[in-house]
Amino acid sequence: MHDYLLSVLLGIVEGLTEFLPVSSTAHLRITEALLHIHLDDPFWKMYSIVIQLGAILCLPIYFRARIARFLSTFPRGERQDRTALTHPLSLVMIAFVVTSIPSWLLHKKIGDNLENMRVIGWSLLVGGVVMWVIDAYFGSPRTVGRHMTERMEDVTLFQAIWIGICQIASAVFPGTSRSMSTIAAGQVAGMSRTAALEFSFFLSMPTMIAATGYDLLRTFHPKHGAEALGRMPIDGHEWTVLLIGFVISFIVALGVVAWFMNWVRQRGFTPFAIYRIVVGIAVLVWVMRG
């Protein structure tokens with residue numbers, strides 16, 4: 001397959017799956033394996049990092065009005081009932097810190113799991129079952145009115161810390177999905193589907209920017225003589241491939257975020273849970289046969 005067409009395909013896969021609770025990392029790894037892309041190739045490792053950054057940059061644009069409102073009301077909040085510790089932006093950063101420190105300490109294990117299709121398959125499968133059960137119980141009509149938190153503005157400190165703890169699993173086990181962990185954890189802690197999803201999007205911004213920034217740092221400044229994680233393009237062809245993937249992932253992700261927000265307001269996450277289970281089983285069967 002021509003590199004330009006391949007870049008379009010991978011950009012679409014990244015944009016489609018980055019913010020859906022199905023794991024973009026798993027889908028990129030599966031696609032790369034099916035297309036026989038060498039996962040240890042330094043350029044394609046760098047490519048995967050850059051297109052993730054392209055996808056994440058759609059969030060500040062989509063939520064620009066919400067971000068501006070949060071910044072203008074910091075630290076007291078819209079109803080003047082918040083503090084510098086409990087403002088929504090502060091809670092996002094608290095959840096980020098709770099997730100990022102253990103994830104950084106476990107980065108070697110995370111790197112090993114990224115190449116393990118068996119781990120990815122089981123993470124998709126188990127995560128799908130967990131998500132289905134949680135959404136069926138906490139998102140069903142009989143629980144309406146029981147939610148403590150209907151809007152992101154009302155998220156509590158406990159909920160933010162709990163979500164940060166649960167999201168560690170998505171970092172250690174690729175295929176779990178950051179958004180799935182955040183959404184499921186939020187629902188268990190008493191958040192509505194919409195509040196949990198929006199908090200997931202906001203938490204994705206510092207999480208993904210830090211993760212991609214760290215990966216870029218490991219590429220340009222590998223520690224203690226270690227091999228660089230990847231490499232930047234070296235000619236016009238590779239720069240074009242990288243730019244195509246970046247732009248495609250950005251455009252597709254922007255559309256997905258807008259669609260997903262509307263979908264969740266009216267429906268649940270069950271279709272995504274079923275999809276995860278089917279794909280997880282398919283990956284495990286593929287691994288066992290291969």
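Counting only residues that are modelled with pLDDT of 70 or more and loosely packed, with under 11 Cβ neighbours inside 10 Å, the stretch 218-230 holds 1 of them.
Being in contact with a Lys or Arg (Cβ under 7 Å, 6 or more places away or on another chain), open to solvent by 40 Å² or more (accessible area, probe 1.4 Å) and either in contact (Cβ under 8 Å) with a residue 12 or more places away in the chain or not charged (D, E, K, R) (or both) is true of T194. Please verify whether the stretch 155-162 includes one or more residues that are modelled with pLDDT of 85 or more, in a helix (DSSP H, G or I) and touching a Leu at 6+ places or on another chain (Cβ under 7 Å). Looking through the stretch 155-162, at least one residue is modelled with pLDDT of 85 or more, in a helix (DSSP H, G or I) and touching a Leu at 6+ places or on another chain (Cβ under 7 Å). As a summary of the residue check, R76 satisfies the conditions (1) of a type in the set (K, R); (2) in a helix (DSSP H, G or I); (3) more than 30 Å from I248 (Cβ to Cβ) except for the one numbered (2). Among residues of the stretch 2-17 that are free of Cβ contacts under 8 Å to residues at least 40 places away in the same chain, none has a beta-carbon under 7 Å from a residue that is open to solvent by 60 Å² or more (accessible area, probe 1.4 Å) and hydroxyl-bearing (S, T, Y) at least six positions away or on a different chain. Considering the stretch 231-254, and only residues there that are within 21 Å of the chain's Cα centre (by Cα) and open to solvent by less than 40 Å² (accessible area, probe 1.4 Å), the residue that is farthest from E150 (Cα to Cα) turns out to be L242.
Right, P206: in contact with a Leu (Cβ under 6 Å, 6 or more places away or on another chain), in contact (Cβ under 8 Å) with a residue 12 or more places away in the chain, under 28 Å from L105 (Cβ atoms) and open to solvent by less than 40 Å² (accessible area, probe 1.4 Å) or not? If you could, list the steps in order and put the result at the bottom.
Details: in contact with a Leu (Cβ under 6 Å, 6 or more places away or on another chain): no; in contact (Cβ under 8 Å) with a residue 12 or more places away in the chain: yes; under 28 Å from L105 (Cβ atoms): yes; open to solvent by less than 40 Å² (accessible area, probe 1.4 Å): yes.
No.
Applying the selection to the stretch 1-16, what residues are open to solvent by 10 Å² or more (accessible area, probe 1.4 Å) and either part of a helix (DSSP H, G or I) or touching a Lys or Arg at 6+ places or on another chain (Cβ under 8 Å) (or both)? Explain how you work it out, then say what you get.
So the first thing to find is which residues in the stretch 1-16 are open to solvent by 10 Å² or more (accessible area, probe 1.4 Å), and the list is 1-6, 8-9, 12-13, 16.
D3, Y4, L5, L6, V8, L9, I12, V13, L16, listed by residue number.
Of the helices (runs of 4 or more DSSP H) lying entirely inside the stretch 186-290, those carrying at least 3 residues that are hydroxyl-bearing (S, T, Y) are 193-220. For beta carbons closer than 9 Å, sequence separation of 6+ or different chains, a first residue in the stretch 85-107 that is polar (S, T, N, Q) and modelled with pLDDT of 85 or more and a second that is open to solvent by 40 Å² or more (accessible area, probe 1.4 Å) and assigned to a helix (DSSP H, G or I), the qualifying pairs are T86/L157; S90/L157; T99/I165; T99/R178; S100/A210; S100/A211.
Scanning the stretch 43-60 for residues that are in contact with a Phe, Trp or Tyr (Cβ under 9 Å, 6 or more places away or on another chain) and either outside any helix (DSSP H, G or I) or open to solvent by 10 Å² or more (accessible area, probe 1.4 Å) (or both) gives V50, L53, L57.
The values are calculated or read from the model by the stated rules, or taken from the named source; none is laboratory data. Note that the structure is a prediction, hence the values are computed from the model and not measured. When we count neighbours, we look across all protein chains shown, and the Cβ atoms used for this are built from the backbone with ideal geometry, even at glycine. Surface accessibility is based on the protein's heavy atoms, side chains included, excluding ligands, DNA and RNA. Shrake-Rupley method; radii C 1.70, N 1.55, O 1.52, S 1.80 Å.
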